[in-house]
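No lab work stands behind these numbers, since they all come straight from the coordinates. Note that the structure is a prediction, hence the values are computed from the model and not measured. Because the Cβ atoms are built from the backbone with ideal geometry, glycine has one as well, and the counts that use them run over all protein chains shown.
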Amino acid sequence: AEQEGAMSKIEWTDRSDWNPVRGCTRCSEGCRNCYAEILAARFSEPGQWGHGFAHVTGGDHRWTGRVELQEDRLTLPLKWRKPARIFPNSTFDLFHESLPDSAIDKIFAVMALTPRHTYQPLTKRAARMRDYLSALTVKRLRDAVTPGEWPITKHHADAWLDPHASPEQRVLYRARQVTLPLPNVWLGVSVENQQAADERIPHLLETPAAKRFISAEPLLGPMVLEPWLYRDATPPLSAPNSFRPIPPLDWVIVGGESGPDARECDVGCVRSIVAQCKAAGVACFIKQLGASPFSTIKVPPFTQWCLDDGPSAYEAGPFYALLKDRKGADMAEWPEDLRVREFPA
């Protein structure tokens, strides 16, 4: 997984094999069936990689609360010369309350040193992300990459730099080019329902970032996103009093839950989000319909105004019966109107 050509199974990214932190804890309903927690608990015996970070208790898989920076994995992206979209925390939360700012500084320093890559971190701790990045300075990033502070790989190089420069000189040169917000870092929050969206998206939109996105996965119910999809435009018809001239979302990812205990995902709610994004001109990406999708005839009323063909085009019933892919991720099995996989410009 650490090789140059490694590819991710997550459809909206290229690599998900850089996880420089181990450990996490649940913080909302979206964490209930966390695959990282299940894997860590499965390999939690002494001598295994999950030992001390997760365990099985009462027949359930649970994090222990221990969270640590893995120094030996920190500089992996410096070795990857091929530009890639990288999901840097597929098994932990970068802004976990137990992870010190100094550790996050190092992770952001690696992202700053590799502008050829595009990073797509996701968090459920949106308030801490806002506070951390609002206080982050170029000096802190430069200090985090000072030779001797942590391992600098000889593989880091830039073609436009003196080929005879030492690895330390190369890193220091790159550090002097850093600007904030980092142009190659897209910041995202996970939102599983309307409550999570209402709590986390405002923090995201107040966070300095090159691009901002949400991952509505696992999607557990209908979601109104229109107040956060517009900038200087006509307020959405469904929420005329909630319009504020704030930076809008750049990207919306949608996905149903997978796994043996997957909760249902209403395809009507997926269609609703697609319609809201289409009306606002915001890129939308349907990752999967999940292991238990179902369909309702009635489209939520807050999106009927922007649907071209109306709710009569949609069928009700156990949608999963139409799918063979266990995650509902095969686009070829979806109705044509759901085959939406867009990236922000």
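Evaluated over the Cα positions of the stretch 48-87, the convex hull gives a direction-averaged projected area, one quarter of its surface, of 4.4 nm². For the stretch 1-98, the pair-distance distribution built from all alpha carbon pairs, in bins 5 Å wide starting at 0, is 2, 13, 21, 22, 19, 14, 7, 2, 0, 0 percent. Of Lys79/Lys124; Lys106/Lys211; Lys82/Lys324; Lys79/Lys106; Lys139/Lys287; Lys211/Lys324, which sit over 27 Å apart, Cα to Cα? Beyond 27 Å: Lys79/Lys124; Lys82/Lys324; Lys139/Lys287; Lys211/Lys324. The local environment of Arg339, defined by Cβ-Cβ distances under 11 Å, has a net charge of -4 under the rule Lys, Arg +1 and Asp, Glu -1. Under a 5 Å amide H cut-off, with hydrogens placed 1.01 Å from N, Ala54 pairs with Thr64 among residues at least 5 apart or on other chains. Scanning residues 5 or more positions from Lys124 or on other chains, those with amide H under 5 Å from its amide H are Ser190, with H placed 1.01 Å from N in the peptide plane. Extent of the stretch 15-68 along its three principal axes (Cα atoms, max minus min coordinate, largest first): 30, 28, 17 Å.
May I ask for the net charge around Leu220, where only other residues with Cβ less than 10 Å from the Cβ of Leu220 are counted and Lys, Arg are +1 while Asp, Glu are -1?
My count for the surroundings of Leu220 gives -4.
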